[in-house]
Amino acid sequence: MKKKIVAALAALLIAVSLSACGGSEEHVVLDFSEPTAFSKEIDVGSLSMRFGELLSVHQNGDKVIIKAKIKPNATTEMTVNQNFFAVADLIKNHGFNTCGELEYWAVADMTSGKEEKVVRFTLEKETIDGIYSGAILENAVRDHATDVWLHQSLRK
């Protein structure tokens, strides 16, 4: 009996020490299935994006607007594509599949020192559902996005 208690306490101490050292991260999953009557900022807790920094998330009705800050990648194409991969991850793993429409904006620090909008696109519900189900692969999200806009420095 005494050995079981000591073993249980040891396991508890290990679990607590691992969580204190970052051994287990909170997996954030949001729910946008209830439309809002007005635009409101969503508390995303400790949610972070796969690529870039999540600046804000707003919900207006069934539409969700994500604003992010990105950094350049190895190539212009990789810099653009990281945005679509990041949104696919949010849809597949963090509850963004529950929104009716998703609008994404990204800003970046430019060589001039100014922060500017560099990427914008919209995903309709059918596309969101396709990404979530796996029918649309991450590398094909851009082909299914609407209103795609890229800063002139990111255009081919």
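Read the figures in this text as sums done on the coordinates, not as results from a lab. None of these values were measured; they are calculated from a predicted model. Because the Cβ atoms are built from the backbone with ideal geometry, glycine has one as well, and the counts that use them run over all protein chains shown.
Defining a contact as two alpha carbons under 8 Å apart and six or more residues distant in sequence, what relative contact order in percent does segment 27-154 show? Can you show the working numbers first?
Working: 250 pairs, mean separation 28.8, N = 128.
In percent, rounded to a whole number, it is 23.
Applied to segment 33-40, the Karplus parametrisation 6.51 cos²θ - 1.76 cosθ + 1.60 on θ = phi - 60° returns per-residue 3J(HN,Hα) values of 6, 9, x, 8, 7, 8, 6, 9 Hz, with x for Gly and Pro. If you take all other residues with their beta carbon under 14 Å from the beta carbon of Glu126, and give Lys and Arg +1 and Asp and Glu -1, the sum is -4.
Checking every one of the GluC sites (Glu not before Pro) in segment 40-102 against DSSP loop status and a limit of 15 other Cβ atoms within 10 Å picks out no site at all. Return the subset of Lys63/Lys92; Lys92/Lys114; Lys69/Lys114; Lys63/Lys114; Lys114/Lys156 for which the Cα-Cα distance in this structure is over 24 Å, preserving the input order. Flagged as over cut-off: Lys92/Lys114; Lys63/Lys114.
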